[in-house]
Amino acid sequence: MNPPSVIDLSTFETLKDAMGADFITELVQAYFDETPQLMSKLQDALTRQDSNAFRQAAHSIKSTSNSFGALELGMLAKELEFMGRESKLEGAPEKVKKLMTDYKAVQQVLTKLING
């Protein structure tokens, strides 16, 4: 039995089948380019206590992560999105730190998946 993965393989494979192997590589690369920028926005919004910008960045991370099958990362981003929507950012620094750590694991697995 395979160890649990940070990527839901059926979600990833469904997207890959729908988009094609070449295009999925481009999509994953765009995700790798955009997500660190979104995390930077998330941290900046947290520093400024800007709940709306925090919510928007978390929402974008959630949506793109879920589409690639990074469902746990998506759930964490959803929690952050909800915190921003409710303007309750207490405890957010720890969750943002976990999000960043978890993203690195997602990045490693997606890189393996697109490189075969």
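Report yes if residue 105 is in contact (Cβ under 8 Å) with a residue 40 or more places away in the chain and part of a helix (DSSP H, G or I), otherwise no. Yes; evaluated as a whole, the condition is true for this residue.
Listed by position, the helices (runs of 4 or more DSSP H) inside region 1-70 whose residues that are loosely packed, with under 15 Cβ neighbours inside 10 Å and without any contact (Cβ under 8 Å) to a residue 12 or more places away in the chain number at least 3 are 9-19, 21-48. Residues of region 71-89 that are in contact with a Phe, Trp or Tyr (Cβ under 8 Å, 6 or more places away or on another chain) and part of a helix (DSSP H, G or I): 73, 80, 83, 84. Considering each residue of region 88-116, count those that are under 15 Å from residue 42 (Cβ atoms) and surrounded by 12 or more Cβ atoms within 10 Å (Cβ to Cβ), and give that number. The qualifying residues number 10.
Computed from the coordinates by the stated procedures, all read-outs in this text should not be read as laboratory data. It should be emphasised that the depicted structure is a prediction, and the values quoted were computed from it without experimental measurement. With ideal geometry, Cβ positions are generated from the backbone for all residues, glycine too; neighbour counts draw on all protein chains shown.
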